[in-house]
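Quick notes on the structure that follows.
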């Protein structure tokens, strides 16, 4: 999660909402890709950190699915991102701060009860305060 | 929807699950982008037709949000795609066949009751039989 936080700080310094993440190989523990929220840079409101991690990792590994990988991300994914993580079969997802406004984990878990859905294991609240403080400071700066 | 079906036929002939779509400018009625499911071509399980339409259209228009656009797609979007369509503020979505297995509209509507979510208007069953037959024929061919 420290590596994900570094990415979030990078986003902060580049005027993006500071959300960072990494994707690691669950066997070798090596980092496959580091990324951060790029909505402003890419001029695309769906370019969340998780989407960029998936797009780059599929390309880098030339694989349709990302089995045997683990994602760390500093904020609870929205419903789109939680669904994307399941769609590409990422095994586990650890997130930092909870997002009471846009967080999609609860609704995603409801959806993934459906028989066919790939069930990513999800754990929240990892280094929660560090992740949360970054985002709070960003919005304080904006106001 | 005829244009979307043409894209689905193109996907069919290129060994992709035949789902096609277009994004149009709601004011001029011009087509901004045509696309189809590219999961195999892009080697990326999240490269659904809707995701490609959004990625290309944001880039082409250099806009973070896709207000004043309408999406036509031959199959009911999954939860990821329905959420992505809302995330980029597409005004209206018309889809063809219902997808009882992976369709995410019902669950998405539940989510979008949340106060902050952008509420894309959604209409299903447009040229349903044509859209459905294409997909059924594709899976018959595979078996």
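Read-outs throughout are calculated quantities, based only on the coordinates presented, and are distinct from any laboratory measurement. Quantities reported herein were computed from a predicted structural model and do not represent experimental measurements. We place every Cβ from the backbone using ideal geometry, glycine too, and count neighbours over all the protein chains shown.
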Pick from B:105, B:19, B:31: which residue has the top mean-square fluctuation in a GNM of chain B where Cα pairs under 10 Å get a spring? B:31
Label points for residue A:91 built 7 Å along Cα→Cβ; distances to same position in the other copies, nm, shortest first, come to 4.7
Rank the residues A:143, B:34, A:63 as a footprinting-exposure proxy: fewest other Cβ atoms within 10 Å of their Cβ go first. A:143, A:63, B:34
Residue order, fewest to most beta carbons within 10 Å, for B:29, B:101, B:64: B:29, B:101, B:64
Per DSSP helix of 4 or more residues, -39500 (n - 2.57); summed, then divided by the residues of chain A. What does that give at 222 nm, rounded to the nearest 500? -12000 deg cm²/dmol
With an 8 Å cut-off on Cα pairs and a minimum separation of 6 or more residues, tell me the relative contact order of chain A in percent. 21 percent
Just the Cα atoms of chain A: what Rg and Dmax do they give in Å? 14.2, 45
Between copies, how close do the residue A:43 label points come, placed 7 Å along Cα→Cβ, listed in nm from shortest? 3.0
Counting other beta carbons within 10 Å of each Cβ, put A:51, B:22 in order, fewest first. B:22, A:51
Inter-probe distance in nm under a simple model that places probes 7 Å from Cα toward Cβ, at residue A:14 and residue B:130: 4.3 nm
So, with points 7 Å from each Cα along the Cβ direction, the residue A:106-residue B:101 label distance in nm works out to 3.1 nm
As a test, work out the antiparallel percent of DSSP beta bridges whose residues both lie in chain B, rounded to the nearest 5. 55 percent
Exam field: residue B:61 pseudo-label spacings to other copies (7 Å along Cα-Cβ), nanometres: 3.3
Cut-off 10 angstrom, C-alpha nodes, Gaussian network model of chain A. Which of A:37, A:100, A:14 fluctuates the most? A:100
In this structure, the FRET efficiency calculated for residue A:92 and residue A:60 from their beta-carbon separation, with R0 = 22 Å, to the nearest 0.05, is 0.70
Which whole number gives the average count of other chain Cβ atoms within 10 Å of the Cβ atoms across peptide A:50-59? 3
I'd like the distance between the alpha-carbon centres of segment B:31-100 and segment A:14-55, rounded to an integer number of Å. 20 Å
